[in-house]
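Participant: Dropping the structure in here first, questions after.
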Amino acid sequence: MSDIFPKWTNWLPLKIAIGAVLVGTAATAGSWYYLTPKYSNVGYQPVQPVAFSHAIHAGQLGMDCRYCHSAVEKSWYSNIPTASTCMNCHNQVLKDDPKLALVRESAATGKPIPWVQIHKVPDYVYFNHSVHVNRGVSCVECHGRIDKMDEVRQVQPLSMTFCLDCHRHPENHLRPPDKITDLGWQVDPKTQKQNGEKFKHDWKVQSSQNCSACHR
Amino acid sequence: MKTIPPPCPEPDNGVKYFRSLEQLSDTPEFQDWASREFPAGASELKDETTRRHFVKIMSASFALAGLGILGAGCRRPEEKIYPFARQPEGYVHGVPQYFATSMPVRGLAVPLLVKSDDGRPTKIEGNATHPDSNGGTDTFAQASVLSLYDADRAQRFTQKGTNANREAAFDFLSGVAKQFSANQGDGLCFLMERSPSPSRARVQGLIKQKFPKARWFIYEPVDFDVQREAATLAAGKPVAPYFKPDAAKVILSLDCDFIGGEEDSHRMIRGFAKGRKISKPGDTMNRLYVVETLMSQTGMNADHRLRVATSQVIAIAAAIAAKISPLLAGLAAKFPLPAGVKPEWIAECAKDLQANPGASLVLAGYRQPLAVHLLANALNGALQNNGKTVEFQEAASSEGSLAQLAELLNGGQVDTLVVLGGNPVYNAPVDLDWAKSQRKAKTVVRLAYYEDETFAACDWHLPAAHYLESWGDARTSDGTLVPVQPLIEPLFGGLTEIEVLARIGGLDATKPHDIARETFKAIAGTDLFEEKWKKFLHDGFLAGSAAKPVEVGAGTNLAALAAATAVEAPSKDKLEVVFTRDYSVDDGRYHNNGWLQELPDPITKMTWDNAVLVSRKTAGELGLKNNQTIKINVGGRSIEAPVWVQPGLADYTLALPLGYGRERSGRIGNFKGGSVGFNAYPLRTSTAMHFASGAKVSVTGATHQFSCTQDHWSMEGRPIIREANLAQFNAHPKFAKNMDMDATANDAFIPKNPDGTPHNIYKHPYESNPALKSQTHQWGMSVDLNSCVGCSACMVACQSENNIPIVGKEQVGKGREMHWIRIDRYYTGLAELEKDKNPLVADDQQQFEKWIDDPQVVTQPMMCQHCESAPCESVCPVNATVHDEEGLNVMAYNRCVGTRYCSNNCAWKVRRFNFFDYNKRPLENLYAGPMATRKNDEWELLKLVKNPDVTVRMRGVMEKCSFCLQRIEQAKISQKVKAGASGDVEVPDGTIKTACQQACPAEAIVFGNILDKKSRVSQLKEQSRDYAVLGFLDTRPRLTYLARVRNPNPAMPDYRELPNSLDEYINKAKNMDPLVEPPKPGAANGKKKGAH
C-alpha cells in the first residue's frame, strides 16, 4: 500500500499533545491572572460627571467621610451624598464655578447626578456597611487612601478571597472605633495584632466565615 | 502625503483614546476635517502609497476599537448611582420603613403593618400592637400586595370604552353633582360593596342630606351580613355579634367555617388556637363540634364532625335547641332529623354545651338561612353566652339589595347609576340578568380595580386605587378605628371610593386625606388633634375606640323562627348544590392574583382550578369519577364542570366553589386565552344564593386535568403526624416520642451518648471542631400541630418574603411548584374500613375507597428541617449547600450547578428546583427559554414586589426554606451595631420572627435561639409532645413538631378511643404501641399490645 499519510504526520500526535498542554496552561494562567477581580477591578477609575476631588475635600479640608456618606452607619448601603449636602457649602464656596454646574442644577431641579459606580460586589452578595463601620473596620481597609485621590479608583479587588482574608483574621484590621475615618492612621503590626485581639475579645467580634453571612 | 485620519467614536468610560494630536487639541482645522464626509484628499487617493497608508490607518483604528473591547470594554457594564437631590425625611436607602394601615374587606378590616422598601410596599404583616391582633394575617391580606402590582389593573379613565382624561372625569362627576342638586337626587342610585369605613358612612350621610331621594344599594356575592340581621331580629335592637372563641370551652359550629370561609377568620383562628394550646398533662383544651356539608377548614379541626346536607342543618340546630331551651322544644318536630344522624349525637352535644354555661359558643354559617342564625342566637342566650363568648355591638342597618335595584332599573327609574367596586355582571344572581339590567340606566359610572366583565356595561369607568395607595379608615371587628394609610402614590392615578362619592355629592372636601381627617376629628375630638392624628397613623389604631358591648337579652324572635319551613333532604335524583366561597379567589376578586391561584386549596390541595366536589357514595351512585366533566342542571339552567371526589363531603350534595371561570380578569385568570376554572354563578339565583335543591347531573364525556400538589390522601400508618386523644396524652405524655423506629420503647439496641442521644459512629463536625459551632446563637423552630389549623397564610407570606415565583398549572402538575413551605394534609380513616386497603393502589383509586366517607384530617406545615446532619449537604458535588455555625442549612445559589442530588437525598422533599427562569420567562411559554420574554409592562411591575433583601433565583438553582436568613442576619447586625463595646451580641428572644411565624394567626410556628434555655422555642422543645418527623434517620432536625392532641367527648356516639391516625399506626406497626410503657431493661422482648 502506498503511503496515505506523509512522514511528518508521525510527529503530529506528540505535537498536538504538547500544544494542548501549552495552550491549556496558557489559558489557565491567563484566566487566573487576567480574569480575576484583582486584575479586572483594581484600578478601575471611571470618569465621573462632576470632577469631585476627595483629595481636596477629605484630605485637604479634613472632612469626615460620614458627613457626606451619612447612611453608612445605619444601613448596608453607603449613600452617595445628595446635591443638597454639596450645596451646604457650595451655595457660598465657589458658588458660580462651572465645574459645579451639574450640582447646582440637581439641587435646583431635583434631577439626580449620574455618578458612575466603582465599588460593586455581585448581586448575590449582601454586604452590610453599618456592621463593619460600627465595629472597628476603617474605610481605608476596602477603599484605600481615598483622601489622597483626585479621582476615586478601586484599590482592592473586593473578591471573596479579599473578604475572607479579613474575616479569618479580623485582629489584623480592627482599630478603635473613633479612628474609623482617620485613613492615615497606622500602628506597627505587633501592636495592631495585640489591640486587635483585645478588640475582638471585648466586642465579641464574630466575623462569620460561613456562606450565610453574605449569601442569602 | 500625510492624511489626517478621521476621529473614531469616543468611549464613554475608560481611557479616552485619540487618534492624532490634532484631534486631541481639537483645532479648527481638525474640526473642519471631522465635519467632512470624506477626509480631504480622498479624491486624491489614486496614488498607491497614499491609499495603502490610508487603509492601514483605517484598519488600525478598527483594531484599536477591537482592542477596546478586550481592554477597557472587558469590564463589567457601567452602572450608575442616582442620589437624591434632597433626601426625604426619615428615609435611608437599605433600611425598610414600616407603616400601619389596614385592609378593608367587606364589613371588617385586617390591621396591618406594611414594609416599605424605597417608597413602595413589599411585604404585608399584621399589626401586633393593635389591641385585637397578634400580628397574624390571612392568605388574602398577604397576597394583596401582588394585586397592587398587577399589570392588568385599570390604568386609565375611559368614557364609552375610549380613553378619557382625569380632568374630564372630574368634570363629569361635578356635572352629576350639579344635575342632582336640582332635584334632590331623584334618579341617582349607588351600588356599593360592603365597607367598614366610617368615612364612607359619613360621606354617605352628607350625600343623603343633600340628595334625600337618591337610593343606596349594597351587593356582595358572598355576604356575611346575615349575622347582623339575625342578631338584630333576635335582640330587637340594631346589633351585630362579636364572637370570642378564646373564651369558649365548647364550640358548636352549624355549617360555620369560622376558621376559613367566614369573615374575620384570622381573629377567630387566634381565639380558637388559644384554646387548643396545652403544655403538660392536666391542661384543658376547648372542644369543637362541627355540623357541616363540605369538608371545610373548620371541619378539619373538629373533635366531632357531623356531615349533613346544607338544607338539613336546621334540623340539627332545632334538635339541639329543643334539648337546651324549652321555648324551642316544639320546633324540632317540624324538622325531622336527616337519615343516619344518631339522636345520641344531638343529646350528648347538647349536654356538653349545657355543662359549660357562659363558656360555650354556637355559631351559624353565612350559607344557612335566617332561621338557623336565630336558633344560634337563641342557643347562645339560653347557654348564658351573651356577654361572655359573644358580645353585641351597635350596628347600622344595611342598604337596599341588588334585586330592588334591578327592579328600579327595569322600571326605567334610574337616571345615573354609580357602581363602586364589585363586579355585578359577573357575579350577580343570574335571574336578574344584570348585564342587560345595568344598561337600562341612562348613565353608568363605575369605579373599579379591573376593566372586567362589568366594564362593557358602563359609560364612565374610573380606575380604583388599591388600599395600599389610598387614604381612608376602617373599623376592625371589635370596633377599633384603624387608618387606611397609603404607602405609595396611586401608580396609575386611581381614585378612592370616598373621593368619588365626595365629588358626586359636590362636597367641599374631596381629597380622601382630608375626608379621613375630618372623620377622625368627629370621632377623636378636636383638642390635641394633630398629636392624636399622628399617633393614630403611627400606631395603626385609635386607643379606646373599641365598641362598647350592648346588653342583649337571652330571648329570640320566635315569630321569625316560626316562619321557617323544612326543605326536603337531597337524594340521588334531587341533588343539592352548594355555592361556596373559594379559599383562593374569594368570590372571584382574586382571580388574577398569581399567588392565590397557585396556592393549593387547604382541603383539596388543588391549584389553578376549581372542581365540583362530590362524596364517594354520591359519585358511585351517579357513576361519576374524578376528572370527568359533568353537566349540572338546576332550575332549568346548566353549567359544565369537572368532578372531584372529596372525602368527608355530605352525600347527595354538589359543592361549587365560586369565583372562577371569569371571562375578563387578566393574564393570570385568562391564562393562555382560556379561563381558570369553571363559573358557578350562572346557576345562582336570588332566591337560592347559597344552596339550591333539585339538581341533576349528566356525564358529558369530556375530561379535565387537575394540578394537585398532594395526590396521596393517606399516611399509610406512618407516624409523620402524631396525635392522640387528650386522655392518652394525660396518661402517656411522651407518646409522641414513643413512635416509629426510634421509639423510646424500642431503642435499647441503639448505643447512646451519656446525654441519652443516639451515639453516632461519625463525629459531628460541631463536636470535632468546636470553632464551627457558635456559642451565641443556635437556631431552632417548633411547630405546634395543635395550633396549626391549615389556613396556609404562612405559604403566601413565605412566597412574598422570599421572592418565590409562580410556575403555572402545567408545571404544578409536574410537581414543580416552588413553595418553600407546604401544608401537608392527610385524611385518616377508621381502622376497620381500612383493613382491606391496599397501600400499593394507585392514587386515582382512592376515590372509591370506603374509608374516605367520614375521615379525620390532619395538617402539618413542612419546610426545610435544617438538620444538623443534613443528608443534602454531604451529597452536593460543588458544596453549594453548607451548614453554618448557628445551625442553619444554608444555600449559596451562585454555586449551585443543578445536579439536584440534594433534593434526591432529602427525605422530607422540601427542596425546590428552578426548572425554568420563572421570573423572567413568560409562564405560557417556558419551554422557549431565553427566546421568550415577558411582556414589558408586567415585568416592570413584578420587579417592584420583590424583596430586595433576598436573591431572586434563576434557572438551574436549588432553593429551600432558609429560616428567613435575611431577617436573622438583619437582627444580628442591628444587635451588633447596638452592642458596641459591651459585647452583648446575642439577639433577644422574640426579635426575629420568620415570615411564616409572623403571618400565622394561630401562633403555631415559633422560631428562636435554642442555646437560650429561657427562649420560647426552647421551652416548647422541652415539652413532652415534641418529636421530629422521620427522626429515626438521626439527622437531628432543628425543626421539631409538637404532636397533636384531640379532645373528643367520650359520651358521643362517634367517640373513638384513639384518633384514626394513631389507630392506623398501631395496626401497622404491631410491636410499637406508643401507649404501652417501655419494658424495664432486661425484660422479655415479646411485647403484647397492652391495655391502655
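Participant: Using the Cα centre of the protein assembly as shown as the reference point, and only Cβ charges (+1 on K/R, -1 on D/E), how large is the resulting charge dipole? Debye, rounded to the nearest 20.
Facilitator: I would put it at about 1420 debye.
Participant: Something else about it: Among A:SER40, A:SER130, A:SER138, which one moves the most in a GNM of chain A with springs linking Cα atoms closer than 10 Å?
Facilitator: Residue with maximal mean-square fluctuation among A:SER40, A:SER130, A:SER138: A:SER40.
Participant: To continue, here is another question. Once a ≥ b ≥ c are taken as the square roots of the eigenvalues of the Cα gyration tensor of chain A, is the result rounded (a/c under 1.5), prolate (a/b larger than b/c) or oblate (a/b not larger than b/c)?
Facilitator: Oblate is the answer for chain A, as a/c is 1.5 or above yet b/c matches or exceeds a/b.
Participant: Let me ask another. Determine the distance separating the Cα centre of the range B:333-380 from the Cα centre of the range A:14-87; give it in Å without decimals.
Facilitator: Taking the Cα centre of each part, the range B:333-380 and the range A:14-87 sit 74 Å apart.
Participant: When ranked by the protection proxy of mean other Cβ atoms within 10 Å per residue, highest first, what sequence do the peptides B:109-122, B:339-352 form?
Facilitator: Per-residue Cβ counts within 10 Å, averaged per peptide and sorted highest first, yield B:109-122, B:339-352.
Participant: I'd like the orientation of helix A:189-202 relative to chain A: the angle between its Cα long axis and the longest Cα principal axis, in ° from 0 to 90, rounded to 10.
Facilitator: The angle comes out near 70 degrees.
Participant: Provide Rg and Dmax in Å for the range B:513-610, with only Cα atoms included in the calculation.
Facilitator: Reported Rg and Dmax, both Å: 24.0, 68.
Participant: OK, next. By the gyration tensor of its Cα atoms, with a ≥ b ≥ c the square roots of the eigenvalues, what is the shape of the range B:723-863: rounded for a/c under 1.5, prolate for a/b over b/c, or oblate?
Facilitator: oblate
Participant: Here's something else I'd like to know. Dimensions of the range B:97-235 along principal axes (Cα, Å, largest first)?
Facilitator: Each principal axis gives a Cα extent; for the range B:97-235 these are 50, 50, 25 Å.
Participant: Hydropathy first: keep DSSP H helices in chain B averaging at least 0.5 on Kyte-Doolittle, then drop any whose Cα extent along the axis falls short of 24 Å, and list what survives.
Facilitator: Result, helices passing both filters: B:48-70.
Participant: What three numbers, in Å, describe the spread of the alpha carbons of the range B:69-170 along their principal axes, ordered from the longest?
Facilitator: Computed over the range B:69-170, the largest-to-smallest principal extents equal 65, 46, 29 Å.
Participant: Ok, one more. So, in Å, what gap is there between the alpha-carbon centers of the range B:247-288 and the range A:175-201?
Facilitator: 59
Participant: Ratio to report: Rg/Rh of the protein assembly as shown, with Cα atoms as the point set and Rh obtained by the Kirkwood method; give two decimals.
Facilitator: 1.01
Participant: In Å and whole numbers, how far do the C-alpha atoms of the range B:596-740 stretch along each principal axis, longest first?
Facilitator: Per principal axis, max minus min of the Cα coordinates gives 58, 36, 31 Å.
Participant: Please name which of A:VAL103, A:PRO46, A:ILE56 has its Cα lying farthest along the dipole of chain A towards the positive end, using unit charges on Cβ (Lys, Arg +1; Asp, Glu -1) and the Cα centre as origin.
Facilitator: A:PRO46
Participant: Continuing with the same structure: Once the dipole of the protein assembly as shown is set up with Lys and Arg at +1 and Asp and Glu at -1 on Cβ about the Cα centre, which of B:TYR1027, B:GLY136, A:ILE16 lies farthest towards its positive end?
Facilitator: The Cα lying farthest towards the positive end belongs to A:ILE16.
Participant: What average count of beta carbons from other chains do you get within 10 Å of the Cβ of residues in B:876-882?
Facilitator: 1
Participant: Enumerate the calculated ³J(HN,Hα) couplings along the range B:857-863 in order (Karplus 6.51 cos²θ - 1.76 cosθ + 1.60, θ = phi - 60°), each rounded to whole Hz, writing x wherever the residue is Gly or Pro.
Facilitator: 3J(HN,Hα) across the range B:857-863, in whole Hz: 10, 10, 10, 8, x, 10, 9.
Participant: What number, in nm² with one decimal, is the all-direction average of the projected area of the convex hull of the alpha-carbon atoms of chain B?
Facilitator: 55.7
Participant: Then there's this: Based on the mean of other beta carbon atoms within 10 Å per residue, what is the order of B:584-594, B:267-277, B:850-860, most packed first?
Facilitator: By packing density, highest mean first, the sequence is B:584-594, B:267-277, B:850-860.
Participant: Sticking with this structure for a sec: Could you work out, residue by residue across B:368-375, how many beta carbons of other chains sit within 10 Å of that residue's beta carbon, and then give the average as an integer?
Facilitator: 0
Participant: Just to be sure I follow: if Rg is taken over the C-alpha atoms of the range A:43-131 and Rh is the Kirkwood radius over the same atoms, what is Rg/Rh?
Facilitator: So for the range A:43-131, dividing Rg by the Kirkwood Rh gives 0.98.
Participant: Report, to one decimal in Å, the Kirkwood hydrodynamic radius for the range B:159-204 based on all distinct Cα pairs.
Facilitator: 12.9
Participant: Separate question: I want to verify the translational diffusion coefficient of the range B:671-769 in µm²/s; compute it with Stokes-Einstein, Rh as the Kirkwood radius over Cα pairs, at 4 °C and 1.567 mPa s.
Facilitator: For the chosen part, D equals 62 µm²/s.
Participant: Determine the equivalent ellipsoid of the range B:872-997 by diagonalising the alpha-carbon gyration tensor, then write out the semi-axes as square roots of 5 times the eigenvalues, largest first, rounded to whole Å.
Facilitator: The answer is 32, 21, 11 Å, longest axis first.
Participant: Can you work out the base-10 log of I(q)/I(0) for the range A:108-151 at q = 0.20, 0.24 1/Å, using the Debye formula on its C-alpha atoms alone?
Facilitator: -0.92, -1.03
Participant: Within 10 Å of each Cβ in A:43-52, how many Cβ atoms from other chains are there, averaged over the peptide?
Facilitator: For peptide A:43-52, the averaged partner shielding equals 2.
Participant: Of all beta bridges DSSP finds with both residues in the protein assembly as shown, what is the antiparallel percent, to the nearest 5?
Facilitator: Of all bridge pairs located within the protein assembly as shown, approximately 60 percent are antiparallel.
Participant: If you build the convex hull over the alpha carbons only and average its shadow over all orientations, what do you get for the range B:1006-1046? Give it in nm² to one decimal.
Facilitator: 3.3
Participant: Among all the lysines, which ones have a C-alpha under 16 Å from A:LYS111's C-alpha, if same-chain residues fewer than 8 places away are not counted?
Facilitator: In chain and number order, the partners are B:LYS80.
Participant: Compute the Kirkwood hydrodynamic radius of the range A:82-158, taking the inverse of the mean of 1/r over all pairs of distinct Cα atoms, and give it in Å to one decimal.
Facilitator: Taking every pair of different Cα atoms in the range A:82-158, averaging 1/r and inverting gives 15.2 Å.
All of the numbers you see were taken from the coordinates with simple rules; none came from a lab. Remember, predicted model here, so these are calculated numbers, not experimental data. Neighbour counts are summed over all protein chains in view; Cβ atoms, including those assigned to glycine, are modelled from backbone coordinates with ideal geometry.
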